[in-house]
1. Which of the residues spanning the stretch 209-229 are open to solvent by 60 Å² or more (accessible area, probe 1.4 Å) and near the ligand (Cβ under 10 Å from one of its atoms)?
2. Please identify the pairs in which a residue from the stretch 244-258 that is under 20 Å from Thr173 (Cβ atoms) and within 10 Å of the ligand (Cβ to nearest atom) has its Cβ atom under 7 Å from the Cβ atom of a residue that is among the acidic types (Asp, Glu) and not in a loop (DSSP other than H, G, I, E, B), counting only partners at least 6 apart or on another chain.
3. Within the stretch 147-167, count every residue that is within 14 Å of the ligand (Cβ to nearest atom), of a type in the set (A, V, I, L, M) and not in a helix (DSSP H, G or I).
4. May I ask you to list the residues in the stretch 170-200 that are open to solvent by 10 Å² or more (accessible area, probe 1.4 Å), more than 21 Å from Gly127 (Cβ to Cβ) and part of a loop (DSSP other than H, G, I, E, B)?
5. Filtering the stretch 259-296 down to residues that are among the acidic types (Asp, Glu) and over 37 Å from the mean Cα position of the chain (by Cα), which residue is nearest to the ligand (Cβ to nearest atom)?
6. Which members of the stretch 52-100 meet the condition of being over 30 Å from Asn20 (Cβ atoms) and either part of a helix (DSSP H, G or I) or open to solvent by less than 90 Å² (accessible area, probe 1.4 Å) (or both)?
7. Looking at Pro175, Pro195, can you tell me which residue is at pLDDT 95 or above, away from the ligand (no atom under 11 Å from the Cβ) and under 14 Å from Lys131 (Cβ atoms)?
Amino acid sequence: MDIQKRIEELEEALKKELENVKTMNDLQNVKSKFLGKKAEISGFMKHMKDLSNDEKPAFGKKVNEGKQRLSALIEEKREALRKAAIEEKLRQETIDVTLDAPDFTPGGVHILNRIVEEIEDIFVGMGYKIKEGPEIETDEMNFEKLNLPKDHPARDMQDSLYITEELLLRTHTSPVQVRTMLEYGGKKPVKIICPGKVYRRDDDDATHSHQFLQIEGLVVDKNTTMSDLKGTLNTIAKAMFGEEREIRLRPSYFPFTEPSVEVDVTCANCAGEGCNICKQTGYIEILGAGMVNDFVLKESGYDPKIYQGFAFGLGIERVAMLKYGIEDIRHFYTNDLRFNTQFK
Ligand code: FA5
């Protein structure tokens, strides 16, 4: 047999078959056929035994070179298939940069959260720390330690949502005052604000919601006076509503403060002249405040002979309504984008 000729024929046959190979799998089958154990070329070595010693090296060389050429043809095809696969993938993943971007409206911080953040910034700038407390509160923290025993008539000021006899949804942020004073152990000054949700069994109307936001403020130190409270409230009112705004303190009653006041700010709409929004008074109420009652200090571990304090509780929705002339509190909770996006 002319081994050289036969190898050349095999090369030609392989080239022909490779033309029809489309996948790596096909290629593997062709490789087995031409170079596998049962392939014709693999059987050539068996003829060695029939050759003389002089002929053997040349024969072996030819067979090995033949195998290498067949192998090279297969590897060449493998490389071509690999490149074609990459090109196909790139073609499929082509991005059309001329296409219009999908319509995407970025969200924003809700106006109520923005006001809370603004107020927090003002107070943090004055050295206050931010404290939080649980929304499910004990009767003891929400009322009793704040000088509101179980049968106290002033409990009617805040209609409550009870879960059990001893647990309720907190009606105000004032229990965080007690929790913080107890945590501080009656020894060091307190200067905190406590933002959070509160709940009341109020019927929803233009100015009342059954769930709303408050920010509580509490300062306890030696020699704290009513004028510190007034100065603090004046600063915060001007920072929130503008330098031209005035505040007015009216005597009021809260069991946990003595004396107690309610704080009004001059109406944004009429600048104090009197209009429908402020019911002709020129002022709108935004918060309750006062000097911390001795009973509350004692219950929370502070000696009222050494420490005095002032506290205030601010309704966030009312602040937002006053600041932006919003006539109905329910707008904050209906998630109407026409309303929400005005404050971006
Ligand atoms: C209190 O909740 C006292 N804890 C505030 C306080 C703290 C007084 C510390 C003294 C010392 P009042 O019930 O008035 O007080 O509520 C405070 C503010 O919450 C009100 O001025 C008002 O702005 C807001 N508010 C009260 N009820 C509602 C309601 N149903 N919906 C929306 N805002 C309300």
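1. His210
2. Ser252/Glu262
3. 2
4. Once the filter is applied, which keeps residues that are open to solvent by 10 Å² or more (accessible area, probe 1.4 Å), more than 21 Å from Gly127 (Cβ to Cβ) and part of a loop (DSSP other than H, G, I, E, B), the stretch 170-200 yields only Arg200.
5. Asp294
6. Selection gives Ser52, Glu55, Lys56, Pro57, Ala58, Phe59, Gly60, Lys61, Asp96.
7. Pro195
For (1) over 16 Å from Ile122 (Cβ atoms); (2) modelled with pLDDT of 95 or more, each residue gets a yes or a no:
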| position | (1), (2) |
| --- | --- |
| Asp202 | yes, no |
| Asp205 | yes, no |
| Lys238 | no, no |
| Glu243 | no, no |
| Glu258 | yes, yes |
| Cys267 | yes, no |
| Ala271 | yes, no |
| Thr281 | yes, no |
| Met291 | yes, yes |
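The values are calculated or read from the model by the stated rules, or taken from the named source; none is laboratory data. All values reported here derive from a predicted model rather than from experimental measurement. Glycine gets a Cβ as well: all are built from the backbone with ideal geometry, and neighbour counts include every protein chain shown. With ligands, DNA and RNA removed, areas are computed over all heavy atoms of the protein, side chains included. Shrake-Rupley method; radii C 1.70, N 1.55, O 1.52, S 1.80 Å.
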